[in-house]
Every structure is written in C-alpha cells, then in structure tokens.
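The values are calculated or read from the model by the stated rules, or taken from the named source; none is laboratory data. What you see is a predicted model, and the numbers here were worked out from it, not measured in a lab. Here the Cβ positions follow ideal geometry from the backbone for every residue, glycine too, while neighbour counts run over all protein chains shown. Each accessible area value is taken on the protein alone, full model and side chains, heavy atoms only, with ligands, DNA and RNA left out. Shrake-Rupley method; radii C 1.70, N 1.55, O 1.52, S 1.80 Å.
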Amino acid sequence: DSGVTQTPKHLITATGQRVTLRCSPRSGDLSVYWYQQSLDQGLQFLIQYYNGEERAKGNILERFSAQQFPDLHSELNLSSLELGDSALYFCASQRGGPYNEQFFGPGTRLTVL
Amino acid sequence: SQQGEEDPQALSIQEGENATMNCSYKTSINNLQWYRQNSGRGLVHLILIRSNEREKHSGRLRVTLDTSKKSSSLLITASRAADTASYFCAINNAGNMLTFGGGTRLMVKP
C-alpha cells in the first residue's frame, strides 16, 4: 500500500459525459501528479500540482482539467468524453524535491461506452 | 513519445532463475526509477538510481546505470512466481514528470 488513495476504482460512462477522479496523496506530500495509461499510448504524464498550484503540464487534453485543494487532495476532471479516453488514470504523490520517488495510487479505470 | 525503452518486451523464465531487463533512454537524466505493475493495478516503486550512481541493491533487486551508454538494467535474482508482473523504467530529467518506457512483461513459471 503506497498510502495514495484514488476513488472511484472503476467508472463506466458514456461518450459526451463528464467525470471527476479523486486522489488523496500520502500524508505530508505536497506534490500530486496525474498519469494516463492506455494500451496505445502507454503511461503518459498529464499534469502536476504542488501545494495547490499547477507546476507542470504534459499531454493533457483541453477537455481535461485538474486542481489541488487546500487539504492537498486533487481532482482530475474529464469532460466531453470520447471512446479513446478509456484508460487507467493514476495519481502519484511526492515528498520533498522534484527528483524524489513518486508513489502511485491504485488507479481509476475509466471505460467510456 | 516515450523516452525509455525496455528490452525485452516480454520475458518468460522458470522460478529460481534470474531475470534481467534493460532500459535505454535518449537524454541526460537526473535519476531513473524502476516500477512494477501487476496486471491492471497500480505501480509499485522499486528503486531510484541517481545519475551519479552506478549500482543499487534492494533485496533481490539490483539496478545498474551506465550514463555513457544511456542505459540501465534491472536484475531480479532467484525469481519467484510472485514476481510475475510488468516492469517499467521511468526517466526523470526535468524535475517534474516521469517519462515511462513501454515496459517488460515478466512471466515466472512455478
């Protein structure tokens, strides 16, 4: 158990819908990262937050957004969902500097029908 | 695009044998991390090796790093059926995101 929690574990929805994925980092970790894992693209970095502020952006679509709240939990919002958004979404948290280990949550499996 | 590339893509061995997986990358790095993922589950952090380190051990795991060749290897000694998983290397060079390779699928037969 990494100490990072993600909810829900599974999400099934329809095209065009909007969903919110939630992540709670390990106690004391200020950084939260979001990654997407799909069969065709592999594991890709989406976005990072540090203590409530966006720090880095990767291959995140404009239909996707995220935020980190004062209690340090983070939410990833996916809107206008398409079939290709079906994937595993992971968050990871990190303590200290940006060159330290990232600890991953169990992921949310999103299926768009 | 994925910077790290694992080799082989798949590996099948008998329990008790050693498993070696390789990772090659293209740019300079600050560190390289290895992760394990059981089917459809979260990634478990195994080892972080920094660019000024050449070798690290953790239990039955041994990681080497050759920055001149831009490559790393993960050795699992005396493998067990429970080691069956996908193994990923991840490059940290920009201080934020990790860039993952495509992974090596390891099957350890009892």
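Residues of region A:1-23 that are crowded, with 20+ Cβ neighbours inside 10 Å and either among the aliphatic types (A, V, I, L, M) or farther than 12 Å from A:Arg109 by Cβ (or both): A:Val4, A:Leu21, A:Cys23.
How many residues are hydroxyl-bearing (Ser, Thr, Tyr), within 23 Å of A:Gly42 (Cβ to Cβ) and open to solvent by 10 Å² or more (accessible area, probe 1.4 Å) if we restrict to region B:53-110? Don't jump to the end; show me each part of the working.
Step one: list which residues in region B:53-110 are hydroxyl-bearing (Ser, Thr, Tyr), which gives B:58, B:64, B:67-68, B:71-73, B:77, B:79, B:84, B:86-87, B:99, B:104.
So of that shortlist, the ones also within 23 Å of A:Gly42 (Cβ to Cβ) come out as B:71-73, B:84, B:86-87, B:99, B:104.
When the remaining residues are screened for being open to solvent by 10 Å² or more (accessible area, probe 1.4 Å), the result is B:71, B:73, B:84, B:86, B:99.
So the answer is 5.
Go through the residues of region B:74-85 one by one and say whether even a single one is among the hydroxyl-bearing types (Ser, Thr, Tyr) and assigned to a strand (DSSP E or B). No, the conditions are met nowhere in region B:74-85. Among the residues of region A:24-45, those identified as open to solvent by less than 30 Å² (accessible area, probe 1.4 Å) and more than 9 Å from chain B (Cβ to nearest Cβ) are A:Pro25, A:Asp29, A:Val32, A:Trp34, A:Gln36, A:Ser38. When B:Ser28, B:Ser51, B:Ser1, B:Ser58 are checked against the criterion of being over 15 Å from B:Ala82 (Cα atoms), among the hydroxyl-bearing types (Ser, Thr, Tyr) and at pLDDT 95 or above, a single residue qualifies: B:Ser58.
Here is the figure for region B:10-37: residues that are closer than 15 Å to B:Ser73 by Cβ and open to solvent by 70 Å² or more (accessible area, probe 1.4 Å) total 1. Screening A:Ser86 against (1) more than 10 Å from chain B (Cβ to nearest Cβ); (2) surrounded by 14 or more Cβ atoms within 10 Å (Cβ to Cβ); (3) under 12 Å from the mean Cα position of the chain (by Cα) leaves a single unmet condition, (3). Highlighted here are the strands (runs of 3 or more DSSP E) found entirely within region A:33-113 that include at least 2 residues which are charged (D, E, K, R) and without any contact (Cβ under 8 Å) to a residue 40 or more places away in the chain: A:53-57. Cβ separations smaller than 9 Å between residues 6+ apart or across chains give no pair from region B:84-100 residues that are within 16 Å of A:Val32 (Cα to Cα) to residues that are acidic (Asp, Glu) and open to solvent by less than 10 Å² (accessible area, probe 1.4 Å).
Of all the residues that make up region B:86-110, how many are within 14 Å of another protein chain (Cβ to nearest Cβ), part of a strand (DSSP E or B) and not polar (S, T, N, Q)?
Filtering region B:86-110 for residues within 14 Å of another protein chain (Cβ to nearest Cβ) gives B:86-105.
This time we only want the ones that are part of a strand (DSSP E or B), so: B:86-92, B:99-100, B:104-105.
Those still in the list that are not polar (S, T, N, Q) too: B:87-91, B:100, B:105.
So the count comes out to 7.
Of everything in region A:89-111 that is within 8 Å of another protein chain (Cβ to nearest Cβ) and either open to solvent by 50 Å² or more (accessible area, probe 1.4 Å) or over 29 Å from B:Leu48 (Cα atoms) (or both), the residue that is modelled with the lowest pLDDT is A:Pro98. Looking only at strands (runs of 3 or more DSSP E) that lie completely in region B:1-55, which have at least 1 residues being within 14 Å of chain A (Cβ to nearest Cβ)? Passing ranges, in order: B:5-7, B:19-24, B:31-37, B:43-50.
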